[in-house]
Amino acid sequence: MNIAFVASEVYPFAKTGGLADVSGALPKSLAQHDVNIKVFMPLYSQIDKSEFKLKKVFQAGDIPIKYGSKEYYVKIYKSIIPGSNVDIYFIDSPIHYNRETLYTIEPDEAERFGLFNVSVLEVLQRLQWSPDIIHCNDWQTGLIPLLVKENYAWDKLFAKTKTIFTIHNIAYQGIFSTEIIENLKLNRDYFYPQGPLEYNGEVNFLKCGLIFSDIITTVSKTYAKEILTEEFGAGMQDILGERKNDVHGILNGVDYSEWCPESDKVIPYNFSLTKLAGKKKNKQVLLKEIGFEEDIQLPLIGIVSRMVEQKGVELIMESIEELMKLNVRWAVIGSGIKEYEEMFLEVADRYSDRFFLKLGYDNKLAHLIEAGSDLFLMPSRYEPCGLNQIYSLKYGTVPIVRSTGGLADTVHDSEGLNESEELWTGFAFKEFSSAKMFETITRALKYYDDKKFWKKIVKNGMQKNYSWDVSANKYIEIYELAINSRKESNV
């Protein structure tokens, strides 16, 4: 089975969020299941060619890519995803990818990723490698299903190729002016009011991927149901409703070689389900590092999050005065919307004895917060999958979450959600409100005082297995379903 896996970011080469973690870990796990997989991404200026030992492919010459009246010549580099034998190919076009950030609000954003979509297919042609599946991820790859079916249909290399489109976050859709249609010679017959390419008078990359792909997946079972509704569908709910039999939810796994307290090379003390003493030692180190008194009896709540509306930051800010009256301490890492950052900075200044904040991302500190905190807060407005709650479970750090998307699929609350006590792994609330969040935090703290029972919840979570091995098997089933099907186009 040949799989071309296409993503705009792949860990450890370039990362802004969970997509990179998935794109770095899932291909490695698939390769261990005897899948022949190649990964494709842009070569951003942030990627160190020497560190990752990139080597140029196609020494005979660069690949010409036409975009409207312009012609660009792209180079192709190759490396291996660390810890695997998976080949990863980089599309190198400095004029497009040498930017301060991976994604921009600059006028050529459609060109940047339109060129990426075309380049992947051009590279496959030159490799003469016929994929059974092209696995596309999020809007940045949304034109590929259409290009395979239309612009490259003449090439027998793609005659049997099926496309899978994975939604990691439906809120980000890649909406641009109609110039992209002429510039990439897309079929203008598909652009009409409410047509496959049209969205409020513009072109929507994600919508294109949803309509022209053979199968749609997303990153948890609950999110797969939620995006069929107006509340969570971000305008795509009707399209997804028409294709609901083709929509599958597969929970993201986590890379336990990176996130496991028994083997974590970043934290000072390793620990396990049967040897929990190291967790207390990590808490002591964390308290000292962030400048708090080393009283390990007081509960410590961790947050590692982007400070954006999706993450429920407003719930924290709405109830901050009440939260600061609780006999707890907070360790927070994050960055995002300036308004939220400034509010958190003000809280950290006013309550410096109980609220630690570091703006930005610090991998070492993130691991230490997971290992040393007692609880971990994720009050998301929506959460397609979420990874930090899964890390928290493995590190014995009890999650407090809003029950949505992947949070609902991974955190089970006996009291709030009528789950068996034997399955109880955390605390959850359904209503998106600061009052419900505060009520759930105070309920969790009440159970924290019962050390015997708390230890049981901790151990329940640590026993959970959300490895990529489980998820990879489910993706293989989806690949086989696509390969064995001859789905009629619904366009």
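What the table shows:
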{"read-out": "Count - residues of the stretch 49-75 that are aliphatic (A, V, I, L, M) and part of a loop (DSSP other than H, G, I, E, B)", "value": "2"}
{"read-out": "When residues of the stretch 396-455 are limited to those that are of a type in the set (S, T, N, Q) and crowded, with 17+ Cβ neighbours inside 10 Å, the one modelled with the lowest pLDDT", "value": "Ser414"}
{"read-out": "Count - residues of the stretch 353-368 that are in contact (Cβ under 8 Å) with a residue 60 or more places away in the chain and within 18 Å of the chain's Cα centre (by Cα)", "value": "3"}
{"read-out": "The lone exception for Val266 - which of (1) under 30 Å from Gly336 (Cβ atoms); (2) surrounded by fewer than 15 Cβ atoms within 10 Å (Cβ to Cβ); (3) over 24 Å from the mean Cα position of the chain (by Cα); (4) not small (Gly, Ala, Ser) it fails", "value": "(3)"}
{"read-out": "Boolean, Leu286 is of a type outside the set (Asp, Glu) and either under 29 Å from Phe432 (Cα atoms) or assigned to a loop (DSSP other than H, G, I, E, B) (or both)", "value": "no"}
{"read-out": "Matching helices (runs of 4 or more DSSP H) fully within the stretch 414-474 where at least 2 residues are closer than 25 Å to Val22 by Cα and within 26 Å of the chain's Cα centre (by Cα)", "value": "451-462"}
{"read-out": "Members of the stretch 345-396 that are farther than 19 Å from Val254 by Cβ, assigned to a helix (DSSP H, G or I) and among the charged types (D, E, K, R)", "value": "Glu346, Asp349, Arg350"}
{"read-out": "Close pairs (7 angstrom Cβ cut-off, 6 or more residues apart or separate chains): of a type in the set (Gly, Ala, Ser) in the stretch 138-150, assigned to a loop (DSSP other than H, G, I, E, B) and modelled with pLDDT of 95 or more anywhere", "value": "Gly142/Gly174"}
{"read-out": "Number of the exception - Leu300 against (1) in contact with a helix residue (DSSP H, G or I) (Cβ under 9 Å, 6 or more places away or on another chain); (2) under 18 Å from Gly360 (Cα atoms)", "value": "(2)"}
{"read-out": "Residues of the stretch 298-315 satisfying the condition of being assigned to a loop (DSSP other than H, G, I, E, B), within 29 Å of the chain's Cα centre (by Cα) and free of Cβ contacts under 8 Å to residues at least 40 places away in the same chain", "value": "Val308"}
{"read-out": "Positions within the stretch 316-344 being assigned to a loop (DSSP other than H, G, I, E, B) and under 21 Å from Asn388 (Cα atoms), in sequence order", "value": "Val328, Ile337"}
{"read-out": "The stretch 20-41, residues that are among the aliphatic types (A, V, I, L, M) and surrounded by 24 or more Cβ atoms within 10 Å (Cβ to Cβ)", "value": "Val22, Ala25, Leu26, Leu30, Ile37, Val39, Met41"}
{"read-out": "Evaluation of Ile65 against (1) within 22 Å of the chain's Cα centre (by Cα); (2) among the β-branched types (Val, Ile, Thr); (3) at pLDDT 95 or above (one fails), failing number", "value": "(1)"}
{"read-out": "Selection within the stretch 200-245 - closer than 28 Å to Val470 by Cα, under 21 Å from the mean Cα position of the chain (by Cα) and either among the charged types (D, E, K, R) or outside the structural domain of Ala153 (by TED's automatic domain parsing) (or both)", "value": "Lys221, Lys225, Glu226"}
{"read-out": "Every pair of residues 6+ apart whose Cβ atoms lie under 9 Å, when the first sits in the stretch 264-275 and is over 18 Å from Val398 (Cβ atoms) while the second is of a type in the set (Lys, Arg)", "value": "Val266/Lys364; Pro268/Lys281; Tyr269/Lys279; Tyr269/Lys280; Tyr269/Lys281"}
{"read-out": "Within the stretch 270-297, considering residues that are over 16 Å from Trp330 (Cβ atoms), basic (Lys, Arg) and surrounded by 17 or more Cβ atoms within 10 Å (Cβ to Cβ), the one nearest to the chain's Cα centre (by Cα)", "value": "Lys279"}
{"read-out": "Filtered residues of the stretch 63-90 (kept if within 15 Å of Lys53 (Cα to Cα) and in contact with a strand residue (DSSP E or B) (Cβ under 7 Å, 6 or more places away or on another chain))", "value": "Ile76, Tyr77, Lys78, Ser79, Ile80, Ile81, Val86, Asp87, Ile88, Tyr89, Phe90"}
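Per-residue answers, yes or no, for (1) among the aromatic types (Phe, Trp, Tyr); (2) without any contact (Cβ under 8 Å) to a residue 24 or more places away in the chain; (3) closer than 22 Å to Phe158 by Cβ; (4) not in a strand (DSSP E or B):
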| position | (1), (2), (3), (4) |
| --- | --- |
| Ala14 | no, no, no, yes |
| Met41 | no, no, yes, no |
| Tyr44 | yes, no, no, yes |
| Ile47 | no, no, no, yes |
| Tyr77 | yes, no, no, no |
| Phe90 | yes, no, yes, no |
| Glu100 | no, yes, no, yes |
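Per-residue answers, yes or no, for (1) within 24 Å of the chain's Cα centre (by Cα); (2) aliphatic (A, V, I, L, M):
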position	(1), (2)
Phe58	no, no
Asp92	yes, no
His96	yes, no
Val118	yes, yes
Leu124	no, yes
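Per-residue answers, yes or no, for (1) under 21 Å from Ser257 (Cβ atoms); (2) not β-branched (Val, Ile, Thr):
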{"residue": "Phe5", "(1), (2)": "yes, yes"}
{"residue": "Ala14", "(1), (2)": "yes, yes"}
{"residue": "Lys55", "(1), (2)": "no, yes"}
{"residue": "Asn98", "(1), (2)": "no, yes"}
{"residue": "Thr104", "(1), (2)": "no, no"}
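The values are calculated or read from the model by the stated rules, or taken from the named source; none is laboratory data. Please read these numbers as outputs of a predicted model, since none were measured by experiment. Cβ coordinates were reconstructed from backbone atoms using ideal geometry, including for glycine residues, and neighbour counts include every protein chain displayed.
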